[in-house]
1. I'd like to verify a number: residues in the range A:107-118 that are open to solvent by less than 30 Å² (accessible area, probe 1.4 Å) and farther than 17 Å from A:Ala139 by Cβ, how many?
2. Specify which of the listed residues (B:Ala28, B:Ala101) is touching a Leu at 6+ places or on another chain (Cβ under 9 Å) and closer than 30 Å to B:Glu132 by Cβ.
3. Got at least one residue in the range A:70-87 being farther than 19 Å from A:Leu184 by Cα, within 16 Å of DNA strand C (Cβ to nearest atom) and surrounded by fewer than 18 Cβ atoms within 10 Å (Cβ to Cβ)?
4. State the number of residues belonging to the range A:1-14 that are within 10 Å of DNA strand D (Cβ to nearest atom) and open to solvent by less than 50 Å² (accessible area, probe 1.4 Å).
5. Go through the range A:54-67 and give me each residue that's buried (at least 16 other Cβ atoms within 10 Å of the Cβ), near DNA strand D (Cβ under 10 Å from one of its atoms) and not charged (D, E, K, R).
6. So which helices (runs of 4 or more DSSP H) stay within the range A:36-155 end to end and still have 3 or more residues that are in contact with an Asp or Glu (Cβ under 6 Å, 6 or more places away or on another chain), hydrophobic (A, V, I, L, M, F, W, C) and within 7 Å of chain B (Cβ to nearest Cβ)?
7. Just give me the residues in the range B:36-48 being more than 10 Å from DNA strand D (Cβ to nearest atom) and open to solvent by 80 Å² or more (accessible area, probe 1.4 Å), in sequence order.
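The values are calculated or read from the model by the stated rules, or taken from the named source; none is laboratory data. Bear in mind the structure is a predicted one, so any value in this text is a computation, not a measurement. Quick reminder, even Gly has a Cβ in these numbers, built from the backbone with ideal geometry, and neighbours come from all protein chains shown. Each accessible area value is taken on the protein alone, full model and side chains, heavy atoms only, with ligands, DNA and RNA left out. Shrake-Rupley method; radii C 1.70, N 1.55, O 1.52, S 1.80 Å.
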2 protein chains.
Amino acid sequence: MKMAELSTVSAVAVATIKFYLRERLLPAGERTSPNQADYTEQHVRRLRLIRGLLDVGGLSVAEAHRVLDALDSEQPLQQIFGVAQAAVSEHIDPASVPASALARVDSVTDGWLVSPDNPGRLAAAQVIASLEAIGHLSARGWVERYAAAALLIAEADLDEIDAIPDREGKAETVVVGTVLGDALFSGLRRTAQEHVSALRYQPGSAAHHHPSLAESP
Amino acid sequence: MKMAELSTVSAVAVATIKFYLRERLLPAGERTSPNQADYTEQHVRRLRLIRGLLDVGGLSVAEAHRVLDALDSEQPLQQIFGVAQAAVSEHIDPASVPASALARVDSVTDGWLVSPDNPGRLAAAQVIASLEAIGHLSARGWVERYAAAALLIAEADLDEIDAIPDREGKAETVVVGTVLGDALFSGLRRTAQEHVSALRYQPGSAAHHHPSLAESP
DNA sequence: GCTATCGGATAGTTACACTATCCACATGAA
DNA sequence: TTCATGTGGATAGTGTAACTATCCGATAGC
């Protein structure tokens, strides 16, 4: 297929596809003449993956590039995990994170097999530090319950990866799960917040959501 | 205190503070003369909150403005919850979300008291749609386990809010918890992923993390 | 032959979050 | 009392990121 078709089938503007080619997010098509190229179904798939990483996962083009490079390489799964994690985490200067916040994270994840420079550990500590600065660091087990839920999610993620037979599928699941999993959980969390909040503050409400019926707010 | 002191004590540049004043994120100081003003400890607190929302929570200035406006108003808690949720969710055109993805979200959250236009519901459906397009939508209960964990987190969030006595404190907890909670969970999730992954693929590893000891990667 | 489309290169646009400069006036130590 | 330093407010400039538009000479297919 030529670029015009790739553009219509993927709903991405031609100029944008050219931009992705330039940035090496999308591999070049097979040249059929000095100024013609042929694109395949693989390009359509890759384009969808790119849009997922950028639009839904919120990655920058540079981060998506790193993640896709790892995916294309023959690296072991653990390495790909690391790259995907680094991509979704902003780079935090370890020196900028107060030791007290790191200590809090470490106490909450006591017994976990985690290297000290895990990007999530630093990110969590930065949040703790910010909560502390604003005076909203809970002493009632809020953070501990977050850690317990994070453990459940990590088990689900690893089970999902284990269930995939081929290495390439595993690798893509690692990337997609890591990047889009955050967004999925955030959405479900907000949904659950409304539910729990309705249960507690409007008990006995008949506002049950029935998706099969047309409703208005 | 004057602006120079506000700047040093909060580690925010004077020009940036002026920018926040201009954008009405930070209330003006009390004028003591035509071109002098006095700032208080409240301004320091607010500045820390702003930096938390922008840097750690990843809000834009416009979103932070909306959230802070809600916080300053006398709105009921439920409304503030809604504003905070809308701020962390990108605005999704409901028409752009495939019905099949929405149906999947609704089936996973079956029995939950949620209005159809909950921003989290749309956001979750968008992720599902993206997973579907890439061909990575799990049929093995991955999404269901995310929903179960989200419910646990929502319970923790509401317990936390319930534990705060005053209305103003509750409101700030709602905002801070909603915005920074996502970031905290993401960080802990990545930490848990490394832990579970190490448990499964390097069983018996002696690489236990002991935060009290100096370690190198 | 002729016109639409192609790839590739280059330059322009938009949005955002600051950041810098100017100005007339105020403050406070020398 | 002087005067360097600091002030609020207005305005304009900067840097980055992600596109988007235009131009070009070269096919493609009728």
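1. From the range A:107-118, those open to solvent by less than 30 Å² (accessible area, probe 1.4 Å) are A:108-109, A:112-114, A:118; that's our starting set.
Then keep just the ones that are farther than 17 Å from A:Ala139 by Cβ; that gives A:109, A:112-114, A:118.
Residues meeting the conditions: 5.
2. Residue meeting the stated conditions: B:Ala101.
3. no
4. Total satisfying the criteria: 1.
5. Correct list: A:Leu54, A:Leu59, A:Ala64, A:His65.
6. Per the criteria, no element qualifies.
7. If the condition is that a residue be more than 10 Å from DNA strand D (Cβ to nearest atom) and open to solvent by 80 Å² or more (accessible area, probe 1.4 Å), then B:Glu41, B:Gln42, B:Arg45, B:Arg48 are the ones that fit.
Residue-wise test of (1) touching a Phe, Trp or Tyr at 6+ places or on another chain (Cβ under 9 Å); (2) among the β-branched types (Val, Ile, Thr).
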{"residue": "A:Ala148", "(1), (2)": "no, no"}
{"residue": "A:Ala154", "(1), (2)": "no, no"}
{"residue": "A:Ile164", "(1), (2)": "no, yes"}
{"residue": "A:Gly169", "(1), (2)": "no, no"}
{"residue": "A:Val174", "(1), (2)": "yes, yes"}
{"residue": "A:Thr178", "(1), (2)": "yes, yes"}
